[in-house]
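Each value in this text was obtained by applying a stated rule to the coordinates, not by laboratory testing. Please read these numbers as outputs of a predicted model, since none were measured by experiment. Methodologically, a virtual Cβ is constructed for each residue, glycine included, from the backbone with ideal geometry; neighbour enumeration extends over all protein chains shown.
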Amino acid sequence: MMRKIVGCVLVLALVTFAGVGLAASSYSDGAGDNNAAPDITSVTVSESPEGVLTVVVGLGNYQALSGTSLLDLWFDLDNNQQTGDEGDEALVEYSANGILDLYRWNGRDMVRRPATGMAAAFAAGTLTFTGPKTAFDNATSFGVLVVAQRRQKIFDDEFTAADWAPDIGRSPYVAPGPLSFSDPAGDMDAASKLTTFPIVIALKSQPPGGWVNVPAQADIVLGANIDAIAVPERCVRTDPSGRTYVTLRTGASLRRRYVEVGAIQKDRIQIRSGLEKGQVVMCRAQ
């Protein structure tokens, strides 16, 4: 519950130190532990005369997937974003441990189905998936969305970085294909995107002794709201068209949910519409 919407300003003083001898030391940090999402750079969809569908996904930053990475292939089989799960009727999920799962829309939820006749492998930065078109209703046209994600657990908090291809909507496939499209390199989640604003505070008098080692904090009241849903700033993102969204966790998969944002309370943002209590929202690490 948000009682007042505030922003925090912390004023620090510069302190001059006398020369002090300190012992030198150094240490290393493991490479590749920054939780950057797999960066999708290309997607190709094709099919054979025998009715085998092939999807190839290229990554630009990983030759091998980490143990916490997932690649999701979403299919809008009826080309209708008003049906299915956020528009999709089928999901193929590939885990870094080589496990391949198929989910189908049953009219209410995505439920796991046998991945009969399907295979997938990841090598040299490329995922290759094959499966019978019968598992996708033999659809002659459908929309495709690929989502790559990598999770990181820090104490009790879990953070997920992601990349979407395409960034908006679905790419249309028409049999017999092929469909090929690229995704901008380096557009995956890699770090929190914070915004700062300069603020000047005027004081009527100086404290005794000046500003050395004297911290100060001020609350700037921007508005008030009662019983509002609020999420951390790092959970809210903006797509290339300027629309604001959050990433929902539904089981093991991620879904993009567009929201209307309101006031800001320190590092939290009010969500006016698009979210409900109890839903799980994934955030970037700070």
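Brief remarks on what is shown
- DSSP-loop trypsin sites (Lys or Arg not before Pro) across the range 227-283, with at most 10 other Cβ within 10 angstrom: Lys277
- Ranked list, fewest to most other Cβ atoms within 10 Å of each Cβ, for Lys204, Lys133: Lys204, Lys133
- Our coupling estimate for the range 162-177, obtained by passing each phi through the Karplus curve with A = 6.51, B = -1.76, C = 1.60 and θ = phi - 60°, is 9, 9, 10, 9, x, 5, 10, x, 10, 8, x, 10, 10, 4, x, x Hz, Gly and Pro reported as x.
- Under Karplus coefficients 6.51, -1.76 and 1.60, residue-wise ³J(HN,Hα) of the range 233-249 in Hz, glycine/proline x: 4, 6, 8, 9, 10, 10, 7, x, 8, x, 7, 8, 8, 10, 9, 8, 9
- As a proxy for reagent exposure, ranking Ile269, Ile229 by other Cβ atoms within 10 Å from fewest up yields Ile229, Ile269.
- Using a simple spin-label model with pseudo-atoms 7 Å out from Cα toward Cβ, Phe181 and Ala119 lie 2.9 nm apart.
- The range 40-182, dipole about Cα centre (Lys/Arg Cβ +1, Asp/Glu Cβ -1), debye to the nearest 20: 320 debye
- Here the extension length gained between Thr250 and Asn79 equals 59.4 nm, from 0.36 nm per residue of separation less the Cα-Cα distance.
- The packing ranking of peptides 85-95, 173-183, highest mean first, is 85-95, 173-183, where packing means the average number of other beta carbon atoms within 10 angstrom of each residue.
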